[in-house]
Amino acid sequence: MNIVIATDSFKGSKSSVEVASCIENGIRRVAPGAIVTKMPIADGGEGTVEALITGAGGVTHACTVTGPLGERQEAIFGVLENGAAVIEMAAASGLPLVPEKHRDPRITTTRGTGELIKAALDLGCRRFILGIGGSATNDGGVGAAQALGISFKDETGGELPYGGGALSVLAGIDVSGLDPRIKESEIVIASDVSNPLCGERGASAVYGPQKGADPRMVSELDANLNHLARITRDQLGVDLADVPGAGGAGGLGYGLMAYCGARIGSGIDTVLDSVNFDGRMKDCDLVITGEGRIDAQSVYGKVPVGVARRAKKYGVPVVAIVGGIGDGADAVYDYGVDAMVSTVNCAMTLERAMENSASLLEEAAERVIRIVMIGMSISSVSRGV
C-alpha cells in the first residue's frame, strides 16, 4: 500500500510535521510494510515555512527585525533548495506577538515583514513565497514598503510613523528609493483570502475586530485605507483596492501588489506546487489529509479540500483525519474528500483532546487503515482473488 500523508497543522496542538509523524505511527501499527510519504502542508498561514522546508528541502535563517509594536525581535524565514525564499508575515508582524491588552491595529506595523524580504534579498533570493495569515496589522503594507525604501510623507514632508492610524495624514508617496532588487524579483502572496481593501468586506471591517479594533477604530481604519488607496491611485496611477485579496493581512496584500509588483496566488496551490504534490500521486493508493477542525469554511482554500482536489485528478481516494467535525463539514465531499474521521473517540474537553493529540491521531490513523484493509479484502473477494 502506497500512502501519502498531506496534512495541515492542528492549531495550538501539533505542527503539520508532527501530525504527519503521528499518522504514520498509527499506520505502522497495522500496515508495517506500507510505503508512506509524509508531505506536511500549509495554506499560506502558520506553518508554511516549516511545511515547505520539509517538503521541498531547504534551510531556515534567523534575523532581527521590527516587531508589530516597533520592538526588535528575532524572526525566521526559509530558503528552499531552488533558491526561493519562504516568509510567513506572522513571524515578524503576527497577532500572537502582541499581548492581548496591547492589541491596537492603529499602531501595529508590517515593517518587520519588509525587513524579512530585505534579508532574503541580501542572500540572493529573487523569488518569494509570502504567507500572510495571522497578522496583527492594518497598515495597508506601508510598513513593509518603508522597510524596502519607499517613503510615505505627511504634509510637512515628515515620514509617517507606524500603524494604520497614521495613514489619515498621508500626503505623498516617493517610490524612488525602492530597493532595485525588488524589480528583479517575483513575489507570490500565498493566500486564499478574497477580501478587497476597503468596505464592509474589507480588511478593517472583517479582520480588524480580532486585532483589537472596536467599531470606532474599524471606521477610522477603513477610512484611512481608502485614503491610502486614493493617494496611491492619484500619484502612482495604481488602482488595486478592489482586487480580491487586497485586504489580506490588513492590506498587506494591497501594499505588496501596489508597491512591489507582487501577485496573489492560492495559498494551498502554491504550497502543493512547491512540494511537487502531483508528482507524488503516481502509484499512490491513498491520501490522508487533515486539519484541526473541518467545517463549512474548509471549502474556501483550506488544506484538506486543496489536497483532495489535486488527488482526485489522479483518481486517488482521500480521507481527512481531523480534530473536530463542525457544521456544514459534509460540503467537503463535493470537493474530493471521500471520508472524515475525528480523532475524538469519546466525550472529552478541548484541553484533554489537545493534551492527548499524539495518541488520538495515532489511533485515528489506525482506524482508517483497518477500514481501508477491510475494503481491500472485500474487493479481492468480489473479484474472486
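The values are calculated or read from the model by the stated rules, or taken from the named source; none is laboratory data. The model shown is predicted, which means the values in this text are computed figures rather than measured ones. Counting neighbours? That spans all protein chains shown, and the Cβs are built from the backbone with ideal geometry, glycine included.
List of remarks:
- Of all residues making up the stretch 55-66, the number that are free of Cβ contacts under 8 Å to residues at least 60 places away in the same chain, surrounded by 20 or more Cβ atoms within 10 Å (Cβ to Cβ) and among the hydroxyl-bearing types (Ser, Thr, Tyr): 0
- Scanning the stretch 279-324 for residues that are among the β-branched types (Val, Ile, Thr) and under 30 Å from Thr349 (Cβ atoms) yields Ile288, Thr289, Ile294, Val299, Val303, Val305, Val307, Val318, Val319, Ile321, Val322.
- Flag if Lys183 is among the basic types (Lys, Arg), surrounded by fewer than 17 Cβ atoms within 10 Å (Cβ to Cβ) and at pLDDT 95 or above: yes
- Residue check, Glu351 in the same structural domain as Glu18 (by TED's automatic domain parsing), modelled with pLDDT under 95 and not β-branched (Val, Ile, Thr): yes
- Residue match in the stretch 238-252 (condition: in contact with a Pro (Cβ under 6 Å, 6 or more places away or on another chain), more than 21 Å from Pro96 (Cβ to Cβ) and surrounded by fewer than 20 Cβ atoms within 10 Å (Cβ to Cβ)): yes
- Residue count for the stretch 319-362 under the criterion of being aliphatic (A, V, I, L, M), in contact with a strand residue (DSSP E or B) (Cβ under 8 Å, 6 or more places away or on another chain) and part of a loop (DSSP other than H, G, I, E, B): the result is 2.
- Scanning the stretch 254-274 for residues that are assigned to a loop (DSSP other than H, G, I, E, B), closer than 21 Å to Glu46 by Cβ and either modelled with pLDDT of 95 or more or more than 15 Å from the chain's Cα centre (by Cα) (or both) yields a single hit, Ala262.
- Selection of the stretch 10-19 for residues being under 15 Å from Leu360 (Cβ atoms) and crowded, with 24+ Cβ neighbours inside 10 Å yields Phe10, Val19.
- If only residues of the stretch 275-308 that are in a helix (DSSP H, G or I) and farther than 13 Å from Val332 by Cα are counted, the one that is nearest to the chain's Cα centre (by Cα) is Asp278.
- Among residues of the stretch 73-98 being under 28 Å from Gln210 (Cβ atoms) and charged (D, E, K, R), the one that is surrounded by the most Cβ atoms within 10 Å (Cβ to Cβ) is Glu88.
- Applying the criterion of at least 1 residues that are assigned by TED's automatic domain parsing to the domain that holds Thr137 and closer than 15 Å to Cys125 by Cα to the strands (runs of 3 or more DSSP E) found wholly in the stretch 25-88 leaves 58-66, 72-80, 85-88.
- Listed conditions (1) of a type in the set (A, V, I, L, M, F, W, C); (2) touching a Lys or Arg at 6+ places or on another chain (Cβ under 6 Å); (3) in the same structural domain as Glu18 (by TED's automatic domain parsing) are all met by Ala331, apart from (2).
- Qualifying residue in the stretch 359-366 (condition: modelled with pLDDT under 95, out of contact with any Phe, Trp or Tyr (no Cβ under 9 Å at 6 or more places or on another chain) and assigned by TED's automatic domain parsing to the domain that holds Gly292): no
- The set of residues in the stretch 215-244 that are touching a helix residue (DSSP H, G or I) at 6+ places or on another chain (Cβ under 9 Å), without any contact (Cβ under 8 Å) to a residue 12 or more places away in the chain and outside any helix (DSSP H, G or I) contains only Asp239.
- Every test in (1) surrounded by fewer than 22 Cβ atoms within 10 Å (Cβ to Cβ); (2) within 24 Å of the chain's Cα centre (by Cα); (3) under 18 Å from Asp8 (Cβ atoms) is passed by Val344 save one, and that test is (2).
- For the stretch 30-54, residues that are in contact with a Gly (Cβ under 7 Å, 6 or more places away or on another chain) and surrounded by fewer than 19 Cβ atoms within 10 Å (Cβ to Cβ) total 0.
- Against the test of being buried (at least 18 other Cβ atoms within 10 Å of the Cβ), small (Gly, Ala, Ser) and either on the phi < 0 side of the Ramachandran plot or outside the structural domain of Val19 (by TED's automatic domain parsing) (or both), the options Gly261, Gly336, Gly292, Gly301 yield a single qualifying residue, Gly292.
- Pick from the stretch 158-175, criterion in contact (Cβ under 8 Å) with a residue 12 or more places away in the chain and out of contact with any Asp or Glu (no Cβ under 9 Å at 6 or more places or on another chain), ranking: surrounded by the most Cβ atoms within 10 Å (Cβ to Cβ): Ile173
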